[in-house]
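Have a look at the structure below before the remarks.
The values are calculated or read from the model by the stated rules, or taken from the named source; none is laboratory data. Predicted model only: the values in this text are computed from it and were never measured. Every residue, glycine among them, receives a Cβ derived from its backbone with ideal geometry; neighbour counts consider all protein chains shown.
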Amino acid sequence: MTAKKKTVNTANMADQVAALSKISQAITSDLYLEDILRLIVTVTAQVMDSKICSIMLLDDKKENLFIRATQSISESYNKKSPLKVGEGVSGKVVLSNKPRAIYDVSKEPEYKFKDIAKKEGLMSLLCVPLKVKNKAIGVLNLYTSTPHEFGEDEVNILTAVANQAAMVIENTELMVKTKIIQEELEARKIIERAKGILMKDKKIGEEEAYRLIQKYSMDRRKSMRQVAEAIILTKEIEGV
């Protein structure tokens, strides 16, 4: 017997809009990225009546997909092995950059985790890409425990959630990169100042002063910035 196609009624649509609003508020809050992603999958699972909802992201080399967030308490699902780009349903969604719905994962040749699906009672899957500048950085997976044909409204809702998740991930990565760049520039300024002090006090050249800071850093297992700050502080104390 074929399951009837599920349609989204007005009440359910209102819940989904409210869920999107809650996710939007979280994105603009002071929550950490991990907390926001966990909120996204939890709220999405509740509203979409999902057995398991998860976010999978590409690693730094853009080669493998791994689970970054899920509301599932299933140890076997949460610890499942990463997927290569182009491998399995999620890997192919990243490659095609298009949503994909599977009515029965147990009968889908490309689905890689049939043993876990059977153990956890997973039946249908909707997988949508997380896009940044029209490039997939991961996927949002939604599983049901009963046979289900996903309608256009559900695909659109999940795509909207995926877009918001991608937005918060991109913004967080930009903030981290900006902070790292700022810290590197600040460290260079401090090291340059310490080099100047050594050059003047020890009457040595710039390259030798740099190597001296580097040697102190290695010998004392401190960063070059920490060594430079100590040199500057010592000089300031001497001048008091």
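The rows are residues; the columns are (1) polar (S, T, N, Q); (2) under 16 Å from residue 52 (Cβ atoms); (3) not in a helix (DSSP H, G or I).
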residue: 73; (1), (2), (3): no, yes, yes
residue: 112; (1), (2), (3): no, yes, yes
residue: 141; (1), (2), (3): yes, yes, yes
residue: 146; (1), (2), (3): yes, yes, yes
residue: 167; (1), (2), (3): no, no, no
residue: 170; (1), (2), (3): no, no, no
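Find the residue count for the range 36-51, including only residues that are closer than 16 Å to residue 158 by Cβ and in contact with a helix residue (DSSP H, G or I) (Cβ under 6 Å, 6 or more places away or on another chain).
Total meeting the criteria: 5.
With respect to the numbered conditions (1) assigned to a strand (DSSP E or B); (2) free of Cβ contacts under 8 Å to residues at least 24 places away in the same chain, which one is the sole condition not fulfilled by residue 60?
Going through (1) assigned to a strand (DSSP E or B); (2) free of Cβ contacts under 8 Å to residues at least 24 places away in the same chain one by one, residue 60 breaks only (1).
With respect to residue 157, is the statement that it is buried (at least 23 other Cβ atoms within 10 Å of the Cβ) and more than 17 Å from residue 97 (Cβ to Cβ) true? Give the steps one after another, and end with the answer.
Details: buried (at least 23 other Cβ atoms within 10 Å of the Cβ): yes; more than 17 Å from residue 97 (Cβ to Cβ): yes.
Criteria met by residue 157.
Counting just the residues of the range 92-115 that are of a type outside the set (Val, Ile, Thr) and under 15 Å from residue 135 (Cβ atoms), which one comes out surrounded by the most Cβ atoms within 10 Å (Cβ to Cβ)? Outline the logic, then answer.
Start the filter on the range 92-115 by keeping residues that are of a type outside the set (Val, Ile, Thr), which leaves 92, 95-101, 103-104, 106-115.
Going one step further and asking which of them are under 15 Å from residue 135 (Cβ atoms), we end up with 95-98.
Working: 95: 14, 96: 12, 97: 11, 98: 11.
Checking each candidate, the answer is 95.
Within the range 116-131, can you find the residues that are part of a loop (DSSP other than H, G, I, E, B) and surrounded by fewer than 16 Cβ atoms within 10 Å (Cβ to Cβ)?
121
Can you tell me which of (1) without any contact (Cβ under 8 Å) to a residue 24 or more places away in the chain; (2) at negative phi is the one residue 86 doesn't meet?
(2)
Going through the range 39-77 one residue at a time, which ones are basic (Lys, Arg) and more than 11 Å from the chain's Cα centre (by Cα)?
Matches in the range 39-77: 51, 61, 62.
Scan 102, 137, 157 and give me the residue that is in the same structural domain as residue 56 (by TED's automatic domain parsing), over 17 Å from residue 44 (Cα atoms) and in contact (Cβ under 8 Å) with a residue 40 or more places away in the chain.
On the way: 102 fails: in contact (Cβ under 8 Å) with a residue 40 or more places away in the chain; 157 fails: over 17 Å from residue 44 (Cα atoms).
Testing whether each residue is in the same structural domain as residue 56 (by TED's automatic domain parsing), over 17 Å from residue 44 (Cα atoms) and in contact (Cβ under 8 Å) with a residue 40 or more places away in the chain leaves just 137.
All but one of (1) within 20 Å of residue 66 (Cα to Cα); (2) in contact (Cβ under 8 Å) with a residue 40 or more places away in the chain; (3) out of contact with any Lys or Arg (no Cβ under 8 Å at 6 or more places or on another chain) hold for residue 96, so report the exception by its number.
(2)
Looking at (1) touching a residue at least 12 places away in the same chain (Cβ under 8 Å); (2) out of contact with any helix residue (DSSP H, G or I) (no Cβ under 9 Å at 6 or more places or on another chain); (3) on the phi < 0 side of the Ramachandran plot, find the lone condition where residue 131 falls short.
Checking residue 131 against (1) touching a residue at least 12 places away in the same chain (Cβ under 8 Å); (2) out of contact with any helix residue (DSSP H, G or I) (no Cβ under 9 Å at 6 or more places or on another chain); (3) on the phi < 0 side of the Ramachandran plot, the one that fails is (2).
Which residues, taken from the range 73-83, are surrounded by 12 or more Cβ atoms within 10 Å (Cβ to Cβ) and either out of contact with any Ser or Thr (no Cβ under 9 Å at 6 or more places or on another chain) or touching a residue at least 24 places away in the same chain (Cβ under 8 Å) (or both)?
Passing the criteria: 74, 76, 77, 80, 82, 83.
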